[in-house]
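Colleague: Structure in structure tokens, see below.
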Amino acid sequence: MRLLGLILTLAALPATAADFRLLVGHGGPVMDAVVSDDGALALTASFDNSVGVWSLGSEDVRWLEGHAAAVKTAIFLPDGRAASSGDDFAVIVWDVSSGEVLSRMEGHQGQVQGVAISPDGGLLASASWDGKIGLWDVATGENRAMLTSHRAAVNDVVFSADGRLLYSASADGTIRSWDVASGQETRLLVEHGFGVNRLLRHDNWLAYGAVDGGTRVIDLGSDAELADLTLDRRPILSMALSPEGDVMAVGDGQGFVMTVDTSTWRIKGDYQAAGRGPIWALAFTGDGKSLIAGGIDDAAYIFPAENDLQAPIMATETREFLTDPDAMPNGERQFRRKCSICHSLADDGVRRAGPNLAGLFGRRAGTVPGYRYSDTVANLGIDWTSETIDQLFDLGPDHFIPGSKMPMQRIVKPEDRQDLIDFLRDNT
């Protein structure tokens, strides 16, 4: 029913059917999108622990499965490969055609929020919330260096045009540059005052988006500010550049997309694409005429980059986990807020970050067919009962099942845990 509503929303827009398209198949919010250089394929990274590989000329989709938690970013690499990273602290290099994991780069102690590939394709950089920047040999998967200077989480990284420098953005409000060969910091480019979320480089300019809505462009040769595109919306969460480099798109936490002419730094368009929540994912299609965007919906959207949307097309319905807490009983409220983004109550076949909960009570942990469990859960050897579910949320998954994929969360009040258990018993 929800998908039908999305399709009807798109159909009601004043544009031809070919102008709008849904990429349907994920079971969680879409966190990132990227298009291959030839425009034939797109990657989408999702909260459902997977990466979608979409053929933009057909309805074909393949899935890259190997992450143990939400996938935050994905990029194409040379020679038919891709890389992705996420909340499992890992970077994975894939063979796109076969879905084979070619290497797994591990060493960070926090989620990996951004990755970048050097111009020669030999070196991969990773930005992590552990405050470190990883440099990795793409061919072998070996770590070359861990760069440390930021005082808080590192959110994004990009290489210079010649690959000799690396630029990093951090929650400490700074943008720094690094000499790739030596691993030494070369200079402090920006002290913004608020955390910097996104970087976008083209030729000799660097654009950045920050938590306070700051959207600015600086000249990498002189450090002069070329443009201040800040609007009264925050935070900036996504940035994309058209294939020709002539248009930049910016997505924010309030669901708006802004497009900018990079030759004049004038705003070309500004429209609300999502009715609720953020624009996490943003990428231009190969012809530069359309954008792929993602947010709290389980689908990615393709729509004209330059348009005058009369109404949002994304996130037009309230997700279960965003439902007004006063509009439901306490047990359902606990499930919607704590569990529903990862788990379905029924065996509905939808791809999600966690296994479905159908037949939960009396079921042995780690036994839902087709779901990729961590070794810890697969070997746990317990049955799900009122007592074990109560312990799970009393202690928290990180203590009850160390090594589990489940987010670290507790339900402190015994009555809230009991209401959740009663709801699950009645609905699974």
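The values are calculated or read from the model by the stated rules, or taken from the named source; none is laboratory data. Note that this is a predicted model, so its numbers are computed, not measured. No Cβ is skipped: glycine too gets one built from the backbone with ideal geometry, and neighbour counts run over all protein chains shown.
Colleague: Go through segment 176-207 and report how many residues are in contact with a Gly (Cβ under 6 Å, 6 or more places away or on another chain), buried (at least 20 other Cβ atoms within 10 Å of the Cβ) and of a type in the set (Phe, Trp, Tyr).
Modeller: 0
Colleague: Scan segment 78-132 residue by residue and report those that are crowded, with 21+ Cβ neighbours inside 10 Å and acidic (Asp, Glu).
Modeller: Of everything in segment 78-132, those that are crowded, with 21+ Cβ neighbours inside 10 Å and acidic (Asp, Glu) turn out to be Asp87, Asp88.
Colleague: Going through segment 25-53 one residue at a time, which ones are on the phi < 0 side of the Ramachandran plot and more than 16 Å from the chain's Cα centre (by Cα)?
Modeller: Ser36, Asp37, Asp38, Ala40, Leu41
Here is a yes/no grid of residues against (1) closer than 21 Å to Glu59 by Cα; (2) assigned to a helix (DSSP H, G or I); (3) not assigned by TED's automatic domain parsing to the domain that holds Trp54:
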{"site": "Lys268", "(1), (2), (3)": "no, no, no"}
{"site": "Asp287", "(1), (2), (3)": "yes, no, no"}
{"site": "Ile292", "(1), (2), (3)": "yes, no, no"}
{"site": "Asp326", "(1), (2), (3)": "no, yes, yes"}
{"site": "Gly331", "(1), (2), (3)": "no, yes, yes"}
{"site": "Arg336", "(1), (2), (3)": "no, yes, yes"}
{"site": "His343", "(1), (2), (3)": "no, no, yes"}
{"site": "Asn356", "(1), (2), (3)": "no, no, yes"}
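Colleague: Is it fair to say Asp212 is acidic (Asp, Glu) and either assigned to a strand (DSSP E or B) or in contact with a His (Cβ under 9 Å, 6 or more places away or on another chain) (or both)? Lay out the reasoning, then the answer.
Modeller: On the way: acidic (Asp, Glu): yes; either assigned to a strand (DSSP E or B) or in contact with a His (Cβ under 9 Å, 6 or more places away or on another chain) (or both): yes.
Judged against the criteria, Asp212 is a match.
Colleague: Scan segment 215-240 residue by residue and report those that are farther than 20 Å from Val112 by Cα, in a strand (DSSP E or B) and in contact with a Leu (Cβ under 6 Å, 6 or more places away or on another chain).
Modeller: Once the filter is applied, which keeps residues that are farther than 20 Å from Val112 by Cα, in a strand (DSSP E or B) and in contact with a Leu (Cβ under 6 Å, 6 or more places away or on another chain), segment 215-240 yields Thr215, Val217, Ile218, Asp219.
Colleague: If we scan segment 399-411, do we find a residue that is more than 27 Å from the chain's Cα centre (by Cα), aliphatic (A, V, I, L, M) and crowded, with 19+ Cβ neighbours inside 10 Å?
Modeller: Initially, segment 399-411 is screened for residues more than 27 Å from the chain's Cα centre (by Cα), giving 400.
Now drop any that are not aliphatic (A, V, I, L, M), which leaves none.
Checked against the condition, which is being more than 27 Å from the chain's Cα centre (by Cα), aliphatic (A, V, I, L, M) and crowded, with 19+ Cβ neighbours inside 10 Å, segment 399-411 yields no hits at all.
Colleague: Further question on the same structure: Just checking, how many residues over segment 333-350 are out of contact with any helix residue (DSSP H, G or I) (no Cβ under 7 Å at 6 or more places or on another chain) and buried (at least 17 other Cβ atoms within 10 Å of the Cβ)?
Modeller: 5
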